[in-house]
Amino acid sequence: MKKETINRVLEWAKATKEIMQADDAKDFSDLRKRDKQTIFKTLLEADDDYDTDGDTDGAYLFFDVEDARITFFAHSESSFPSDMIRCLDYMDVLTNDGGTGLDELIGYLESLLDTELINLTPHAITILDKDDNVILTIPSSGIARAEQTRERIGDIGGIPVSKTGYARWSIFRIQKRELPTLYLY
């Protein structure tokens, strides 16, 4: 998922928290209908990648943001957002570590934005989407290191011959190994 989308959803989560605090609501169901609709509509504008399902008892619409899920429930036979917005009941938030609130979602999204990628390969890494559009290019950090081994295997005409091998990247030797840092090797 692009950082721009994560940032928009993060701003949505912060604005939603402010609305709930202003209304002194402990839960989405405690909010006034207008505020529920504002929260729902604002998330639809922030992230248009969602799934829906429903039947005669109700409908739900959910957004997956990396390893977090935001779900809206409505007492509507239709799972179209334009129908669901008129009869919203609940909103559920679940993060990858089991968190279930806006505070946990905000913390999770902020950690995604803070993650540093370090490319230990000697070449740039380009990440493409399914349509071959470039999503991200991670340049080589310039500190790529490989363990080199040299094993003498004999002589040819009096000239020593060695076999050279390369081990896995030696990331254990890197001084800075902090979270949230991802090393690509």
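With the simple model of a label 7 Å out from the Cα in the direction of the Cβ, residue 117 to residue 71 spans 3.0 nm. Computed from the alpha carbon atoms alone, the convex hull of the range 3-114 holds 91 Å³ per residue.
Residue separation of residue 4 and residue 92 scaled by 0.36 nm, minus their Cα-Cα distance, works out to 29.4 nm of gained length.
Here the Karplus curve 6.51 cos²θ - 1.76 cosθ + 1.60, taken at θ = phi - 60°, turns the phi angles of the range 62-68 into couplings of 10, 10, 9, 10, 6, 9, 10 Hz, with x standing for Gly and Pro. Modelled spin labels at residue 45 and residue 30, positioned 7 Å past Cα toward Cβ, are 2.6 nm from each other.
Couplings for the range 2-12, taken from phi via the Karplus curve 6.51 cos²θ - 1.76 cosθ + 1.60 with θ = phi - 60°, read 6, 4, 4, 5, 4, 5, 5, 5, 4, 4, 4 Hz in order; Gly and Pro are left as x.
For the range 33-74, trypsin sites (Lys or Arg not before Pro) are listed when DSSP marks them as loop and at most 15 other Cβ atoms sit within 10 Å of their Cβ; the list is empty. For the range 79-166, applying the loop criterion from DSSP together with a ceiling of 10 other beta carbons within 10 Å to the trypsin sites (Lys or Arg not before Pro) yields 130. Scalar couplings 3J(HN,Hα) for the range 111-118, obtained by applying the Karplus form with A = 6.51, B = -1.76, C = 1.60 to θ = phi - 60°, are 5, 5, 6, 8, 5, 9, 9, 10 Hz; x denotes Gly and Pro. The charge dipole of the range 7-82, taken about its Cα centre with unit charges on the Cβ of Lys, Arg, Asp and Glu (plus for the first two, minus for the last two), comes to roughly 460 debye. Amide H contacts under 5 Å for residue 89: 73, 74, 75, restricted to partners 5 or more places along the chain or on a different chain, H placed in the peptide plane at 1.01 Å from N.
Pairs from the table (2/33; 2/26; 14/41) lying more than 23 angstrom apart at Cα are 2/33; 2/26.
Every read-out reported here was derived from the displayed coordinates using simple, explicitly stated rules and does not represent laboratory data. Values in this document were obtained by computation on a predicted structure and should not be read as measured data. Counting neighbours? That spans all protein chains shown, and the Cβs are built from the backbone with ideal geometry, glycine included.
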